[in-house]
Amino acid sequence: MTERRTYSYLGPAGTFTEAALDQVPEARGHDWRPVHNVGEALADVLEGRSDAAMIAIENSIEGGVTNTLDGLATRPGLRIVGEYLVKVNFVLVAPRGTTLDDVRVIAAHPVAYAQCHSWLGEHLPTHAHVPAASNVASAIGVLDGTLPAQAAIAAPGIVHHHDVEVLAEQIGDSDNAVTRFVLVSRTVAPGEPTGADKTSLIVELPDDRPGALLEMLEQFSTRGINLSLLQSRPIGDELGRYRFVIDADGHIHDERMADALLGIRRFSPRVVFLGSYPRADRRIVQYPDHYADEIFVEARDWLRGLIAGEPDEV
């Protein structure tokens, strides 16, 4: 019999995070544990209550999810093992009998709220915002009166779980908005490369000086590695100190990526390797021929030959 596994996700049922977890074949038929926030999800994994957690890490409108990035930077022992994309849009819901004219305060998760600014500015320009823990929690808080709001921004699937009045549909600022989620486990060895992989890490600069960031980026550019995410986050120990969250195209088993990571480790006082895992879009990573694995291997063998005093090949 297959051992039962537990997966944490931002709940309750009906969130976009649950939709992301539903994309994980190995999670189906196992126990799904709803939590209140990213910190609780990561603590579940580290403390053994869950085998893995699904968390949002980036949105195509707002960029990186800061509490996720900070949580991964400050909690050692975690590893990203997969990524998943969920197309997002939103509805404005309220208790039955509510009209748009009744709405003065809106409950919403901060990320969802940020993605609906244009619609809200046009249709409810004088509204106030009350933060909620999730898209579903915003609707529940309005329905049960625990949040001081007349309406909530939620995912369209809310209508399948709760009796609500839908005041407006498709209120997101972009029809193409996507949220990227990652599945996080305790530290494990990276899986085998697929050719369509991504490597995530967090890097601190050694000091605040001209060219320090450029020197870090050159570790990747000189090896033909494209960066799909570069975001700074304050370290928090003093003003002006930052860490950088990086997504790089490729896998740690690729010679060029391994070489870049060695360069980063020599350069930075602290590097957090978050994992090498298949890209959600399964797009094969392209790179120039002179950055192929065999080129790195040949160069290393050539250097070893020089050190060993071997004769030059003609």
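Looking only at segment 114-127, filter to residues that are touching a residue at least 24 places away in the same chain (Cβ under 8 Å) and over 28 Å from the mean Cα position of the chain (by Cα); which one of those is least open to solvent (accessible area, probe 1.4 Å)? Walk me through it before giving the result.
We begin by selecting, within segment 114-127, every residue touching a residue at least 24 places away in the same chain (Cβ under 8 Å); these are 114-120, 123-124, 127.
Next, from what is left, pick out any that are over 28 Å from the mean Cα position of the chain (by Cα): 123-124, 127.
Details: His123: 80, Leu124: 15, His127: 41 Å².
That would be Leu124.
Return yes when Ile252 is closer than 18 Å to Arg79 by Cα and assigned to a loop (DSSP other than H, G, I, E, B) and no when it is not.
The answer is yes for Ile252.
Output the residues belonging to segment 229-247 that are exposed (fewer than 13 other Cβ atoms within 10 Å of the Cβ) and not aliphatic (A, V, I, L, M).
Initial filter on segment 229-247 (exposed (fewer than 13 other Cβ atoms within 10 Å of the Cβ)): 236-240.
Gly236, Asp237, Glu238, Gly240, listed by residue number.
Does Gly275 satisfy the condition of being more than 29 Å from Val178 (Cα to Cα) and either open to solvent by less than 40 Å² (accessible area, probe 1.4 Å) or assigned to a strand (DSSP E or B) (or both)?
It is false that Gly275 is more than 29 Å from Val178 (Cα to Cα) and either open to solvent by less than 40 Å² (accessible area, probe 1.4 Å) or assigned to a strand (DSSP E or B) (or both).
Quick grid of which residues meet (1) touching a Pro at 6+ places or on another chain (Cβ under 7 Å); (2) farther than 30 Å from Val271 by Cα:
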| site | (1), (2) |
| --- | --- |
| Thr68 | no, no |
| Val91 | yes, yes |
| Thr99 | no, yes |
| Ala114 | no, yes |
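Identify, by number, the condition in (1) hydrophobic (A, V, I, L, M, F, W, C); (2) open to solvent by 60 Å² or more (accessible area, probe 1.4 Å); (3) in contact with an Asp or Glu (Cβ under 9 Å, 6 or more places away or on another chain) that Leu205 doesn't meet.
Just one mismatch for Leu205, condition (2).
Take Phe220 and decide whether it is touching a residue at least 12 places away in the same chain (Cβ under 8 Å), surrounded by 19 or more Cβ atoms within 10 Å (Cβ to Cβ) and either within 25 Å of the chain's Cα centre (by Cα) or not in a strand (DSSP E or B) (or both).
The answer is yes for Phe220.
Scan segment 141-189 residue by residue and report those that are open to solvent by less than 50 Å² (accessible area, probe 1.4 Å) and either assigned to a loop (DSSP other than H, G, I, E, B) or hydroxyl-bearing (Ser, Thr, Tyr) (or both).
Scanning segment 141-189 gives Leu147, Ala149, Gln150, Ala155, Val164, Ile171, Gly172, Ser174, Ala177, Thr179, Ser185.
Results for (1) over 16 Å from the mean Cα position of the chain (by Cα); (2) touching a residue at least 12 places away in the same chain (Cβ under 8 Å); (3) crowded, with 22+ Cβ neighbours inside 10 Å, shown as yes or no for each residue.
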site: Phe16; (1), (2), (3): no, yes, yes
site: Pro25; (1), (2), (3): yes, no, no
site: Trp32; (1), (2), (3): yes, yes, no
site: Gly39; (1), (2), (3): no, yes, no
site: Asn67; (1), (2), (3): no, yes, no
site: Arg104; (1), (2), (3): yes, yes, no
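Scan (1) crowded, with 22+ Cβ neighbours inside 10 Å; (2) at pLDDT 95 or above; (3) within 12 Å of the chain's Cα centre (by Cα) for the single condition Glu58 breaks and write down its number.
The one condition Glu58 does not meet is (2).
Please verify whether segment 227-246 includes one or more residues that are part of a strand (DSSP E or B), within 23 Å of Gly82 (Cα to Cα), among the small types (Gly, Ala, Ser) and modelled with pLDDT under 95.
For segment 227-246, residues part of a strand (DSSP E or B), within 23 Å of Gly82 (Cα to Cα), among the small types (Gly, Ala, Ser) and modelled with pLDDT under 95: present.
The values are calculated or read from the model by the stated rules, or taken from the named source; none is laboratory data. Please read all numbers here as calculations on a predicted model, not as lab measurements. Backbone-built Cβ (ideal geometry, glycine too); neighbour counts: all protein chains shown. Calculation scope for accessible area: heavy atoms of the full protein, side chains included, ligands and nucleic acids excluded. Shrake-Rupley method; radii C 1.70, N 1.55, O 1.52, S 1.80 Å.
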